[in-house]
């Protein structure tokens, strides 16, 4: 049944995907670096705090739970999603024996104010401003 849902989602033509990464505090820059290398233009870092019933029980599904978190939001074109998520996973060893965080994506049906930065256009604009 999971494959049917996956195929159905692929049929929906979303222009953008929001990749959400939740990792221990201090690792957000590694995610930003990995996403840029994979083609993303940037991201938003939010500082947060996780909750656990018992501090001594500090793992959930193999993921080490630390109270202080960084949440990285990365909006990418749908065509970049798989490469960006793979880069995040490999950079932070999310699929290892003991996970260091979680990354998932959500389809974005509408976005206002999204601009596409192309390196050439940015450089031309920067030269005109100087």
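At R0 = 25 Å, how high is the FRET efficiency between residue 29 and residue 75 if r is their beta carbon distance? Nearest 0.05 is fine.
Working: r = 18 Å, r/R0 = 0.72.
Result of the calculation: an efficiency of 0.90.
With the simple model of a label 7 Å out from the Cα in the direction of the Cβ, residue 18 to residue 36 spans 2.3 nm.
Throughout, read-outs are computed from the coordinates displayed, never taken from laboratory work. As the structure is a computational prediction, the values presented were derived from the model and not from experiment. Positions of Cβ are backbone-derived with ideal geometry, glycine not excepted, and every protein chain shown enters the neighbour counts.
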